[in-house]
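The block underneath contains the structure these notes are about, expressed in C-alpha cells.
The values are calculated or read from the model by the stated rules, or taken from the named source; none is laboratory data. In this text, all values refer to a predicted model and were calculated from it rather than measured experimentally. Neighbour counts are summed over all protein chains in view; Cβ atoms, including those assigned to glycine, are modelled from backbone coordinates with ideal geometry. Only protein heavy atoms, including side chains, enter the accessible area calculation; ligands, DNA and RNA are left aside. Shrake-Rupley method; radii C 1.70, N 1.55, O 1.52, S 1.80 Å.
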Amino acid sequence: PGEGEIVVMFSRGRLFDTLSGTRGGRVTFGPETAARWTALRSSDGGEIETPTATVRYLAVPVNRRDGTPQGVFVVAASLTAQQDEVTDAAWLAAIVLFSVLLIAFALAWVLAGRVLTPLPTLTETTRSISESDLSRRIPATGHDEIAELSRTFNDMLERIEQAFASQRAFVSDASHELRTPITIVR
C-alpha cells in the first residue's frame with residue numbers, strides 16, 4: 001500500500017490480514033463496518049468516518065470458481081493524508097510565490113532606481129537655466145530615453161541661445177542705426 005492507504009483482507013467472515021502504508025498511521029474500522037464488508041456479495045465503495053480520519057474505500061468480494069464466497073478484499077485510502085499532502089503543497093507554493101514576488105519587487109526597485117538616477121540632475125540643470133544664462137547644458141551619457149531627452153533639451157537650448165544672440169544683435173544694430181538720425185534731429 002502507498003502512503004495513507006490500507007489493505008484489509010477478510011476470509012470466511014474473519015479478518016485475515018491488514019497491510020498499511022508508511023504514512024497516516026494505522027486506520028481502524030469498527031465491527032459494524034467489518035460485518036458489512038464480510039457480508040458483501042458485490043463490489044461496494046464509498047467513504048466512512050473513522051476515529052482518526054475520513055477514509056475512501058473499495059471492497060470487492062472474492063469468490064471461488066464455483067461462485068461460493070471466499071472472502072473480501074478491501075483497499076482504503078485516508079483522505080486526511082491526501083489533504084495533508086495538498087495542504088503541504090499549497091504552503092510550499094505560497095512560500096515560493098511570495099519569494100518570487102519579493103525578489104521581483106527588489107529587482108524592479110533596483111532597476112527603477114538606475115533608470116531614474118539622471119532625473120534629479122536633469123531637474124537641477126533645467127532650474128538653473130535663466131534668460132540671462134543659457135550656457136548650462138545637461139550631461140547626456142548613455143543611449144536610453146533619458147539621455148536622448150537630455151540631448152534634445154541641449155539642442156533646444158542651443159537654438160534658443162542662438163535666437164537670443166541674433167535678437168540682441170538686431171536690437172544693438174537697430175539702436176546704433178537709430179542713434180545717428182536721432183542725434184541729427186536733436
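Overview of values
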read-out: Dimensionless Rg ratio for the range 125-186, taking C-alpha atoms and the 2.2 N^0.38 Å reference; value: 1.74
read-out: Tail weight of P(r) past 30 Å, computed on alpha-carbon pairs of the chain, percent; value: 63
read-out: For the chain: accessible area per residue (Å², 1.4 Å); value: 73
read-out: Protection-proxy order for peptides 71-81, 117-127, 167-177, each taking the mean of Cβ atoms within 10 Å per residue, highest first; value: 71-81, 117-127, 167-177
read-out: Alpha carbon centroid spacing (whole Å) that separates the range 149-186 from the range 95-142; value: 37
read-out: Within the chain, helix-based [θ] at 222 nm, where runs of 4 or more DSSP H residues each add -39,500 (n - 2.57), nearest 500; value: -18500 deg cm²/dmol
